[in-house]
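A quick write-up on the structure given underneath.
The values are calculated or read from the model by the stated rules, or taken from the named source; none is laboratory data. Predicted model, so just to flag it, every value in this text is computed and none were measured. Positions of Cβ are backbone-derived with ideal geometry, glycine not excepted, and every protein chain shown enters the neighbour counts.
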Amino acid sequence: MGHFILHRGQQQSFNCDKESVYSGVDTIRAIEREADDFASNLLMPGDLLRDWISSQRIDLHVLSAIAKRFQVSFEALCIRFIKFTTQRAILVYWDNGYVKYEWRSSSAVKTRARIRRNADPQEPLPGTLAADASVDQEWDGTEMSAAIWCPEEAQHMKLREFKHSYGARDRILTLLLLESAEPRSWDRSWQDGESFDSYDQFVSNGQLPDQR
């Protein structure tokens, strides 16, 4: 529907798939993102979502219940949550043991909170639930030092890590909810844009993700 309304004057046919949202040439990626945003606004109205997530303590049980109310996928709801939450939040999707994308909330961007990158492609970090094969699900959240995940966080800062594994555990969603922090006054780079994913980071560095 998003393509039909927004882009029918630009091209005759569309091939909607998740890969096009996170990879491909800039024009295709932008078109897919626009269509996804349009559909998300219809299926998951922002005012309703904002009311629901601001009135209760967030965990994966809460987000799953909201996804069912909207009749959308759990992953889609989690991405939408990142866009509307006032909390410092990071969503990471792991595919076959490597990070596929990373979404950060606006407050996470403003405080420069991002996951530690020590490899390319990035694997789950040691000491995290994402790296613990004995833990399939953690919907209530486990508290730990934020510095385990985010290198620029002070040692006293905490976060809650949540984990949802799909099927044979080759796909994992990680949600990180960090303690509040003030925007860094000496860093204004966050004013230039909104939350971004790992693809944008590859592009900004002059790289393209390996699609093999």
- Query: Exactly one of (1) surrounded by fewer than 14 Cβ atoms within 10 Å (Cβ to Cβ); (2) at positive phi is unmet by Asn118. Its number?
  - Reply: (2)
- Task: Specify the residue that is nearest to Glu153 (Cα to Cα); the eligible residues are those in segment 98-116 that are part of a loop (DSSP other than H, G, I, E, B) and out of contact with any strand residue (DSSP E or B) (no Cβ under 9 Å at 6 or more places or on another chain).
- Result: Arg112
- Could you count how many residues in segment 139-195 are farther than 23 Å from Tyr93 by Cβ, modelled with pLDDT under 95, of a type outside the set (D, E, K, R) and surrounded by 13 or more Cβ atoms within 10 Å (Cβ to Cβ)? 2
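Identify the residue in segment 118-132 that is of a type in the set (D, E, K, R) and at pLDDT 95 or above and, among all such residues, is farthest from Ile79 (Cα to Cα).
Restricting to residues being of a type in the set (D, E, K, R) and at pLDDT 95 or above, the top hit is Asp132.
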- Note on the structure: Scanning segment 56-69 for residues that are touching a residue at least 24 places away in the same chain (Cβ under 8 Å) and surrounded by fewer than 18 Cβ atoms within 10 Å (Cβ to Cβ), the one nearest to Ser105 (Cα to Cα) turns out to be Asp59
